[in-house]
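The values are calculated or read from the model by the stated rules, or taken from the named source; none is laboratory data. Predicted model only: the values in this text are computed from it and were never measured. Heads up, the Cβs are rebuilt from the backbone with ideal geometry, glycines too, and the neighbour counts pull from every protein chain shown.
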Amino acid sequence: MSKTTIRKGIARMVVTGLTAGVLTAVAPVQFANATTHNTTVSTTATNTPITNGTAGASMYVATRNSTTGSATNGNFAADNTITMAGTAWSKGLLSKDSTITVAQTATALTGATLAFYARSVSATDAAFVATGGTFTAATAAAGAVTSWGTNQNSSIAFFDVGTATQVAQLWTAPSTAGTYTISLYMYASSGAGPTLDAPAVGTLAGKITVTTYATSPGGSYSAAYSYCKTNTTSATATSNLDSSSVVENGGSWFIDFDLNDGLNNNLDTGNIVATATNGALLSTGASGSTPSDGTASTVVSATDGSSRTIKVVQPTANAPLTTTVTISFNGATICTKTVTIRGEVAKVTVSNIAVQDLSSDTGITGFMQDGSARTGLFTVQAFDSANNLVRTATASPGTSDPTSAVGTWSVKAASLAGQTLISAVSVNNVSTSTSSTSTGSYGTGIYTCGATAGEVKNVVMNFTNTGTGNVIESAPFNLRCADDPYTVTAGWDKASYVQGDIATLTLSFVDSKGNPANSKTTTGSWTAVVPMMALVSATGTALNAGGSILSATGTKTYTFSVGGSTAITAGTYNSVIEFGSLVYSAKATNTYKVSTGGDTTSNADVLKSIVALIASINKQIQALQKLILQKR
């Protein structure tokens with residue numbers, strides 16, 4: 001194609017003749033504009049006024065479809081204002097989005113003719129450029145001089161905008177289905193004009209991508225343009241991303257959906273039916289609303305595909321619910337969602353029990369080791385009857401008496417009766433999370449010990465549900481009181497190891513009376529000599545921080561890698577463990593064997609075997625001599 005220069009002051013409409021589906025490589029310039037385009041496409045639609053938007057930075061498409069079988073540009077009034085609302089008609093336009101600048105989209109039938117219109121600024125000309133199809137009739141306000149000549153209805157057409165600031169242009173889509181772009185450029189009429197090889201010399205003021213179809217995909221449900229999602233508050237669905245939130249006892253789920261056809265238009269009025277399993281109660285309303293609680297597990301509504309919501313609530317108060325809700329449109333399933341609403345507390349557990357110090361009523365600081373500094377000596381968790389985790393308050397971890405509690409903790413008085421070792425047991429920090437991976441799903445408890453060591457068996461914690469008054473008991477558990485660590489003993493899990501084995505060392509701490517020591521008092525750092533072993537567990541104190549708290553039996557375990565990353569020498573070795581800060585700091589010494597895992601026969605073993613063999617041969621010789629003498 002030869003290069004053509006267009007004289008200054010001439011606007012040009014160019015069709016490049018590219019293959020359907022290929023876009024022009026034009027770097028768009030985004031203009032700030034808050035005005036939107038009318039998205040309704042029909043024979044009675046109102047076209048967006050040309051005075052909307054920003055001059056030199058907006059492009060419009062007539063959304064009113066022709067009733068006469070042909071498209072037309074808008075007419076100009078005597079005051080130089082193009083009257084697009086009543087006089088511009090497109091033909092075969094199917095849908096149009098609301099944007100007016102450089103990211104517009106539309107759909108149309110093959111061979112459709114679309115009416116474009118725009119405003120330029122003073123002394124600025126305009127040019128439309130397309131990747132396919134044909135530009136036809138152009139219209140401009142007073143002051144423009146059209147010059148079509150032999151180029152009319154072809155891929156190249158020119159007209160001189162002159163002093164006009166409003167232009168309109170028809171574009172006819174190819175007969176082949178595909179994707180095409182039409183771009184609007186603005187450039188100063190006093191500057192250099194475009195050339196045939198370089199039409200985009202101005203500023204990009206508008207750009208639209210038009211997808212054409214041989215037959216309209218409208219009217220039928222399209223999963224690509226429809227959405228359905230779960231939410232804890234109703235809102236217009238703009239994606240299929242479900243909420244990851246947890247709905248607690250007495251709460252509601254909302255299933256928001258928006259049903260569109262292949263042109264991204266709302267489906268026509270149809271029969272929408274939602275059904276739920278397990279007796280869940282449903283109600284429906286417009287998205288963004290909060291319908292009243294339903295009374296049945298099926299709801300039916302006759303409406304179009306505009307945004308709707310389904311509200312889901314428990315059929316039985318305080319009982320957990322897991323339900324699958326199925327939504328259909330005119331008999332076809334378009335959405336299935338499974339949601340859970342947790343019930344009231346129906347089970348509580350007590351675990352991670354530590355030993356209290358004598359004459360103490362405080363817990364271990366940072367007991368949960370989650371950075372919250374919560375103190376405690378045991379943990380509690382709550383569950384509903386379906387074994388879903390239930391948080392007992394919505395306050396932050398560390399709050400001892402939240403106003404948002406769903407119940408109260410207490411010790412069963414009868415389980416402490418008849419003993420004098422422990423005077424009080426309580427939950428000092430409630431659980432605030434329903435996630436099994438969060439330490440916030442645990443509450444913490446403490447207890448008060450007197451001056452005497454010992455154990456109280458079958459202690460029970462109660463949880464009283466605020467809403468119903470139902471009292472839930474934990475399984476019985478044991479609590480101990482003991483003095484500070486006084487001495488330590490150590491033991492290996494095996495007598496011998498092969499290189500590469502994992503060895504477990506158990507340290508057992510007792511108080512001065514021989515009772516397993518309490519979990520609160522630090523033992524200080526240790527000195528460990530463990531030949532042919534490499535420590536895997538963290539060193540440091542054997543208590544408190546870093547997961548080193550003593551168990552309820554006064555023990556702590558460490559793991560070692562036999563040989564580590566170096567070669568070992570087979571043999572028998574002694575480990576020596578010492579905690580220098582203990583009142584009685586005797587060393588804990590233990591013997592163990594290590595081997596390489598291959599032939600472990602020693603020289604002593606070989607010599608012993610040779611001696612045994614010689615002795616056996618001597619016995620056989622003596623027996624032979626006796627036999628010979630008897631025959632003589």
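Can you say whether K311 is closer than 30 Å to I446 by Cβ and either surrounded by 23 or more Cβ atoms within 10 Å (Cβ to Cβ) or more than 22 Å from the chain's Cα centre (by Cα) (or both), as far as the supplied structure shows?
Criteria not met by K311.
For M13, are the conditions met, namely being touching a strand residue (DSSP E or B) at 6+ places or on another chain (Cβ under 8 Å), at pLDDT below 85 and surrounded by 14 or more Cβ atoms within 10 Å (Cβ to Cβ)?
Yes, satisfied.
Got at least one residue in the stretch 419-426 being surrounded by fewer than 20 Cβ atoms within 10 Å (Cβ to Cβ) and in contact with a Cys (Cβ under 9 Å, 6 or more places away or on another chain)?
The answer is yes; a qualifying residue exists.
Considering the stretch 216-250 alone, what residues qualify as being among the polar types (S, T, N, Q), touching a residue at least 60 places away in the same chain (Cβ under 8 Å) and farther than 30 Å from Q314 by Cα?
S216
Is it true that some residue in the stretch 145-164 is modelled with pLDDT of 85 or more and either outside any strand (DSSP E or B) or assigned by TED's automatic domain parsing to the domain that holds K207 (or both)?
no
State which residue is farthest from S551 (Cα to Cα) when the search covers only the stretch 457-468 and only residues that are modelled with pLDDT of 95 or more and either of a type in the set (G, A, S) or touching a helix residue (DSSP H, G or I) at 6+ places or on another chain (Cβ under 7 Å) (or both).
Per the criteria, the residue is V460.
Of all residues in the stretch 461-516, how many are farther than 30 Å from A417 by Cα, part of a strand (DSSP E or B) and either in the same structural domain as N318 (by TED's automatic domain parsing) or not aromatic (F, W, Y) (or both)?
Total meeting the criteria: 14.
In the set N278, N240, N231, N271, which member is assigned by TED's automatic domain parsing to the domain that holds S328 and buried (at least 16 other Cβ atoms within 10 Å of the Cβ)?
After applying the criteria, what remains is N231.
Let me confirm something: among A451, A405, which residue is within 30 Å of E248 (Cα to Cα), assigned by TED's automatic domain parsing to the domain that holds A386 and not in a strand (DSSP E or B)?
None of the others qualify; the one that does is A405.
Is it true that A475 is within 17 Å of I353 (Cα to Cα), in contact (Cβ under 8 Å) with a residue 60 or more places away in the chain and surrounded by 14 or more Cβ atoms within 10 Å (Cβ to Cβ)?
For A475, the condition - within 17 Å of I353 (Cα to Cα), in contact (Cβ under 8 Å) with a residue 60 or more places away in the chain and surrounded by 14 or more Cβ atoms within 10 Å (Cβ to Cβ) - is not met.
For residues that are more than 30 Å from S512 (Cα to Cα), at pLDDT 80 or above and either outside any loop (DSSP other than H, G, I, E, B) or not hydroxyl-bearing (S, T, Y) (or both), tally how many sit in the stretch 580-608.
5
If N271 satisfies every condition in (1) in a strand (DSSP E or B); (2) in contact with a Ser or Thr (Cβ under 7 Å, 6 or more places away or on another chain) but one, which is the exception?
The one condition N271 does not meet is (2).
Yes/no matrix, rows are residues, columns are (1) closer than 27 Å to N388 by Cβ; (2) touching a residue at least 40 places away in the same chain (Cβ under 8 Å); (3) in contact with a Lys or Arg (Cβ under 9 Å, 6 or more places away or on another chain); (4) not basic (K, R):
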position: W409; (1), (2), (3), (4): yes, yes, no, yes
position: K412; (1), (2), (3), (4): yes, yes, no, no
position: A424; (1), (2), (3), (4): no, yes, no, yes
position: V427; (1), (2), (3), (4): yes, yes, no, yes
position: T448; (1), (2), (3), (4): no, yes, no, yes
position: T452; (1), (2), (3), (4): no, yes, no, yes
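So which of I577, I617, I568 ends up being part of a helix (DSSP H, G or I) and at pLDDT 85 or above?
Step by step, each of I577, I617, I568 is checked, and only I617 is part of a helix (DSSP H, G or I) and at pLDDT 85 or above.
Go through (1) over 30 Å from D483 (Cβ atoms); (2) modelled with pLDDT under 90 one by one and return the number of the condition V562 breaks.
All conditions are met except number (2).
If you take the residues of the stretch 314-326 that are of a type in the set (S, T, N, Q) and in a strand (DSSP E or B), which of them is surrounded by the most Cβ atoms within 10 Å (Cβ to Cβ)?
T323
Scan the stretch 297-305 and give yes if some residue there is at pLDDT below 95 and either assigned by TED's automatic domain parsing to the domain that holds T468 or of a type in the set (D, E, K, R) (or both), otherwise no.
yes
Which of (1) more than 17 Å from N518 (Cα to Cα); (2) touching a Leu at 6+ places or on another chain (Cβ under 7 Å) does T452 not meet, given it meets every other one?
Answer for T452: the failing condition is (1).
When you scan the stretch 475-486, do you find a residue that is aliphatic (A, V, I, L, M) and within 24 Å of G580 (Cβ to Cβ), even just one?
The answer is yes; a qualifying residue exists.
Could you tell me which of the residues A32, A57 is in the same structural domain as T179 (by TED's automatic domain parsing), assigned to a loop (DSSP other than H, G, I, E, B) and modelled with pLDDT under 80?
One residue alone meets the criteria, A32.
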